[in-house]
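Undergrad: The structure under discussion is supplied below as structure tokens; questions concerning it will follow.
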Amino acid sequence: MTGRIFRIGIDISTLLNHGPDIGAGRYIINLIRSLLEIDNKNTYVLTGRYTSARYLEIAYNLKKDFENNKIELKFYRTPQKKLDLWNRLKFPPIEFLGFKADILHCPDYLIPPTLNKNIVLTIHDLAFIRFPEFNFDWFIKKYNREVEKNAQISRKIIADSESTKNDIVNFFKIDPDKIEVVYLAADNLFKKLLEKEKYKSVLKKYKIDKKYILSVGTIEPRKNFTTLIKAFNLLKDNIKGKAARTNGPADGYPDPQDIQLQNLQLVIVGRTGWKSEATYKERELSPYKEDILFLGRVPDEDLLQIYNQAELFVYPSIFEGFGLPPLEAMSCGLPVIASNCSALREVVGDAGILIPPNNHKEISKQILYVLKNEKIIEELKEKSLYQAKKFNWVKTAQKTLEIYHSYCYF
């Protein structure tokens, strides 16, 4: 293989259809950028089928930003009904439309109609199998069948974590040697800011006017924001109850820490996903609903500011194939409380406090423990930054490139 130039195809349909601010979109854009940074010898053929041109500029910017690299774009716009038919018939293969590559990396579960036999498939998680109650029946049926078939026909599988690898082996009966674990990383944008780099104007823009606990993720059942809201309610109740019982410390003056906690907000950033009604209802039922803010999608530049100015990051997700938000938070030096399940144990490790995701009392207890202990806060901040440095996109790209070369027969 030495000296030969390969044509490496990457299907970026998810990025073209849903943008870069969902997990799979972040994975695709950062992986490609990092591959182009370390490899200017091979030709990269980016392909994708899309229904709207909303995110098309992202791909063209890649070609502009890496003008010294060999990049080809083979995109196909199609109405949704035609796309559904195309997927069902598996015809025509994209090679009939001009796509040509030695290898095809499908970085988000699905494989487009193709004649290529050298397929690398990324499977981020099998949440739709582990927790079918969090998805719609049609989605479960489609993905169960489709992803298992794709896992069987692919030459190599990339899993985001050991947790996901184990699930692929257990549910699909795939040979473990066919699966490589390649960790993701936070976008380089997410970093700890100096005080002079923090802008209160960004918080004001989103009506964040108090100290706040932060969580980030799509509003859907798996992210478990209903439990987080219950934990926040209990936190507020306990502080309010304590103030009523003690009427302040012995000297007659209120405890400044308790005053700050009473004024605390819960800020949740993320787009609305499926089955989100229960989460929004939980907020409406809260006696502290005015202090619970759903910001929706926000630009990454604003998200950087929101991370850096939070008191604490809490991530009670029930299941993750990796878990980018806590890693982004750690990259910004935030103390982190996260679920003690699935891949979060690998990502957060001992850098944060791990909690059972469905125990709102324990989550509330740990939030209070952290916020009332400055020493713990500083220890967790230091651990966060150290842990985050273990993950970087160059390392991800290098290992992915090795997989392209070592496990596919050109």
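Undergrad: Among the listed residues Leu194, Leu203, identify the single one that is of a type in the set (A, V, I, L, M, F, W, C), over 20 Å from Asp108 (Cβ atoms) and free of Cβ contacts under 8 Å to residues at least 24 places away in the same chain.
TA: Leu194
Undergrad: List the strands (runs of 3 or more DSSP E) that sit entirely inside segment 302-410 and contain at least 1 residues that are at pLDDT 95 or above, polar (S, T, N, Q) and at negative phi. Working first, answer last.
TA: On the way: elements: 312-315, 336-339, 353-355.
Result: 336-339.
Undergrad: May I pose another question? Taking the criterion of being more than 25 Å from Lys192 (Cβ to Cβ) and either assigned by TED's automatic domain parsing to the domain that holds Pro20 or in contact with a helix residue (DSSP H, G or I) (Cβ under 7 Å, 6 or more places away or on another chain) (or both), would at least one residue in segment 342-349 satisfy it? Talk me through it step by step, then tell me what you get.
TA: At the first step, the residues of segment 342-349 found to be more than 25 Å from Lys192 (Cβ to Cβ) are 342.
Remaining after also requiring either assigned by TED's automatic domain parsing to the domain that holds Pro20 or in contact with a helix residue (DSSP H, G or I) (Cβ under 7 Å, 6 or more places away or on another chain) (or both): 342.
Scanning segment 342-349 turns up at least one residue that is more than 25 Å from Lys192 (Cβ to Cβ) and either assigned by TED's automatic domain parsing to the domain that holds Pro20 or in contact with a helix residue (DSSP H, G or I) (Cβ under 7 Å, 6 or more places away or on another chain) (or both).
Undergrad: Quick check, is Arg155 among the basic types (Lys, Arg) and surrounded by 15 or more Cβ atoms within 10 Å (Cβ to Cβ)? Steps first, please.
TA: Values: among the basic types (Lys, Arg): yes; surrounded by 15 or more Cβ atoms within 10 Å (Cβ to Cβ): yes.
So Arg155 fits the description; yes.
Yes/no per residue for (1) under 21 Å from Asn188 (Cβ atoms); (2) modelled with pLDDT of 95 or more:
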site	(1), (2)
Arg4	no, no
Arg7	no, yes
Asn17	no, no
Ile22	yes, no
Ile28	yes, yes
Ile32	yes, yes
Tyr44	yes, yes
Arg54	no, no
His105	no, yes
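Undergrad: Another question about this same structure. Any chance you could count how many residues in segment 263-304 are within 19 Å of Gly333 (Cα to Cα), under 18 Å from the mean Cα position of the chain (by Cα) and surrounded by 18 or more Cβ atoms within 10 Å (Cβ to Cβ)? Steps first, please.
TA: To start, the set of residues in segment 263-304 that are within 19 Å of Gly333 (Cα to Cα) comprises 266-269, 300-304.
With under 18 Å from the mean Cα position of the chain (by Cα) added as a condition, the list becomes 267-269, 300-304.
Retained after the next criterion (residues that are surrounded by 18 or more Cβ atoms within 10 Å (Cβ to Cβ)): 267-269, 303-304.
Total meeting the criteria: 5.
Undergrad: Out of Leu235, Leu203, report the one residue that is within 19 Å of Ile292 (Cβ to Cβ), among the aliphatic types (A, V, I, L, M) and either in contact with a Ser or Thr (Cβ under 9 Å, 6 or more places away or on another chain) or surrounded by fewer than 18 Cβ atoms within 10 Å (Cβ to Cβ) (or both). Working first, answer last.
TA: Values: Leu203 fails: either in contact with a Ser or Thr (Cβ under 9 Å, 6 or more places away or on another chain) or surrounded by fewer than 18 Cβ atoms within 10 Å (Cβ to Cβ) (or both).
The unique qualifying residue is Leu235.
Undergrad: Moving to a separate point now. As an exercise: evaluate Tyr50 against (1) touching a strand residue (DSSP E or B) at 6+ places or on another chain (Cβ under 9 Å); (2) farther than 15 Å from Ala397 by Cα; (3) surrounded by fewer than 17 Cβ atoms within 10 Å (Cβ to Cβ) and give the number of the one condition it does not meet.
TA: Condition not satisfied by Tyr50: (3).
Undergrad: Could you please let me know if Ile8 is touching an Asp or Glu at 6+ places or on another chain (Cβ under 8 Å) and touching a residue at least 12 places away in the same chain (Cβ under 8 Å)? Before the answer, list the steps.
TA: On the way: touching an Asp or Glu at 6+ places or on another chain (Cβ under 8 Å): yes; touching a residue at least 12 places away in the same chain (Cβ under 8 Å): yes.
So Ile8 fits the description; yes.
Undergrad: Does Asn373 satisfy the criteria of being surrounded by fewer than 18 Cβ atoms within 10 Å (Cβ to Cβ), touching a Pro at 6+ places or on another chain (Cβ under 8 Å) and without any contact (Cβ under 8 Å) to a residue 60 or more places away in the chain?
TA: Numbers: surrounded by fewer than 18 Cβ atoms within 10 Å (Cβ to Cβ): yes; touching a Pro at 6+ places or on another chain (Cβ under 8 Å): no; without any contact (Cβ under 8 Å) to a residue 60 or more places away in the chain: yes.
Answer is no for this residue.
Undergrad: Under the condition of being among the β-branched types (Val, Ile, Thr) and under 14 Å from Asn224 (Cα atoms), which residue from segment 305-334 is surrounded by the fewest Cβ atoms within 10 Å (Cβ to Cβ)? Full working, then the answer.
TA: The initial filter retains those residues of segment 305-334 that are among the β-branched types (Val, Ile, Thr), namely 306, 314, 318.
Of the ones still in play, those that are also under 14 Å from Asn224 (Cα atoms) are 314, 318.
Details: Val314: 31, Ile318: 18.
The residue in question is Ile318.
Undergrad: Please pick out the residue among Lys70, Lys82, Lys41 that is charged (D, E, K, R), surrounded by 15 or more Cβ atoms within 10 Å (Cβ to Cβ) and more than 22 Å from Ile123 (Cα to Cα).
TA: Lys70
Undergrad: For residues in segment 44-67 being hydroxyl-bearing (Ser, Thr, Tyr) and touching a residue at least 40 places away in the same chain (Cβ under 8 Å), which is nearest to His18 (Cα to Cα)? Break it down stepwise before answering.
TA: Keep residues of segment 44-67 that are hydroxyl-bearing (Ser, Thr, Tyr), which gives 44, 47, 50-52, 55, 60.
With the extra rule that they be touching a residue at least 40 places away in the same chain (Cβ under 8 Å), the set shrinks to 47, 55.
Working: Thr47: 15, Tyr55: 8 Å.
Per the stated criteria, the residue is Tyr55.
Undergrad: Take Thr164 and tell me if it is at pLDDT 95 or above, among the β-branched types (Val, Ile, Thr) and in contact with a helix residue (DSSP H, G or I) (Cβ under 6 Å, 6 or more places away or on another chain). Walk me through it before giving the result.
TA: Numbers: at pLDDT 95 or above: yes; among the β-branched types (Val, Ile, Thr): yes; in contact with a helix residue (DSSP H, G or I) (Cβ under 6 Å, 6 or more places away or on another chain): no.
Against the criterion (at pLDDT 95 or above, among the β-branched types (Val, Ile, Thr) and in contact with a helix residue (DSSP H, G or I) (Cβ under 6 Å, 6 or more places away or on another chain)), Thr164 does not qualify.
The values are calculated or read from the model by the stated rules, or taken from the named source; none is laboratory data. Keep in mind the model is a prediction, meaning the values are calculated, not measured. A quick note on method: Cβ atoms are made from the backbone with ideal geometry, for glycine too, and the neighbour counts reach across all protein chains shown.
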